[in-house]
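*Asks:* Quick one: the structure is below, questions incoming.
The values are calculated or read from the model by the stated rules, or taken from the named source; none is laboratory data. Bear in mind the structure is a predicted one, so any value in this text is a computation, not a measurement. Every residue, glycine among them, receives a Cβ derived from its backbone with ideal geometry; neighbour counts consider all protein chains shown. Protein only, heavy atoms only, side chains kept; ligands, DNA and RNA dropped before computing areas. Shrake-Rupley method; radii C 1.70, N 1.55, O 1.52, S 1.80 Å.
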Amino acid sequence: MIDKQSPLPIYYQIQELIRKKIDKKEWQTGDVLPSERIFAEQYEVSRMTVRQAVTELVNEGLLRREKGRGTFVAEQKFTQTLQGLTSFTEDMKERGLKPSSRLVSFNVKEAAGKTARVLGLNDGEAVYEIQRIRLADHSPMAMETTYISKALIPGLTKNIVQNSIYEYVEAELGLAIGYGEQSLEAALAMKKEAELLEIELNDPVLLISRITHLQDKTPFEYVKSAYRGDRYKFSIQMPRNEQK
Ligand code: 16G
């Protein structure tokens, strides 16, 4: 209930009330919230205050607004730790979700520019260029464009890349994957990404760029991905360096 005598701001109390209902599963993913008017009447607060509380929860990703339809309980974000080099397939299985891939394109191209450089290839050497939409339980999470040296990782097929590339590298080719270097930046979804990820143009996405090396340090893949900003959250542990 809302306590008007409390030192806690009313909009904050409304937020806590909404959070509790979602935590207790009284309101579940996809459920529509009562309208601002009903909310305001029920708790005897102003519509402005309800709007402020809801807007902040929308910005946080707990709720989602749809034009003309109302405000809904959003799908909760996945937290992906940034420690340890894992594959999408492994990450999803670990969460008890079914990983799958929608193949957008699969080509062999001549390496050039940055792709050739980061993979340690000469311009003109063959690389696979693979575009996949990665899905968790049939819902699109990320769009990945992967470049892989053909000489190093031969025999990739459409069928293999619709499953796990890392599994093929390790279990089929018997190569040991060593380490990756990764960077993250914020961006807005462009037309193609928005369509394939089933989000709106200019919705937030996280761009991740990864270069992965075999244990002998040879780089074997260069991946550029766009993760849905509304479904993903990355976390990292930061041990403080020993003071000298
Ligand atoms: C992850 C990696 C990607 C890698 C893929 C292999 C990130 C940002 N990206 O999606 O670089 O190519 O896993 O997955 O984590 P797979 O073995 O399921 O094909």
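*Asks:* Of the numbered conditions (1) in contact with a strand residue (DSSP E or B) (Cβ under 7 Å, 6 or more places away or on another chain); (2) part of a loop (DSSP other than H, G, I, E, B), Gln131 fails exactly one; give the number of that condition.
*Replies:* (2)
*Asks:* I've got another one for you. Which residue, of Glu144, Glu195, Glu167, Glu221, is more than 9 Å from the ligand (Cβ to nearest atom) and in the same structural domain as Leu121 (by TED's automatic domain parsing)?
*Replies:* Glu195
*Asks:* Something else: Go through the range 222-244 and count every residue that is out of contact with any Phe, Trp or Tyr (no Cβ under 8 Å at 6 or more places or on another chain), under 19 Å from Glu181 (Cβ atoms) and open to solvent by less than 30 Å² (accessible area, probe 1.4 Å).
*Replies:* So the count comes out to 3.
*Asks:* With respect to Thr157, is the statement that it is surrounded by 12 or more Cβ atoms within 10 Å (Cβ to Cβ), among the hydroxyl-bearing types (Ser, Thr, Tyr) and closer than 25 Å to Phe106 by Cα true?
*Replies:* When the stated conditions are applied, Thr157 does not pass them.
*Asks:* Could you pull out the residue among Thr79, Thr86, Thr55 that is among the hydroxyl-bearing types (Ser, Thr, Tyr), open to solvent by 40 Å² or more (accessible area, probe 1.4 Å) and at pLDDT below 90?
*Replies:* Working: Thr86 fails: at pLDDT below 90; Thr55 fails: at pLDDT below 90.
Unique residue meeting the criteria: Thr79.
*Asks:* Would a scan of the range 96-103 turn up a residue that is in a strand (DSSP E or B), open to solvent by 50 Å² or more (accessible area, probe 1.4 Å), more than 10 Å from the ligand (Cβ to nearest atom) and touching a strand residue (DSSP E or B) at 6+ places or on another chain (Cβ under 6 Å)?
*Replies:* So far as the range 96-103 goes, yes, one or more of its residues are in a strand (DSSP E or B), open to solvent by 50 Å² or more (accessible area, probe 1.4 Å), more than 10 Å from the ligand (Cβ to nearest atom) and touching a strand residue (DSSP E or B) at 6+ places or on another chain (Cβ under 6 Å).
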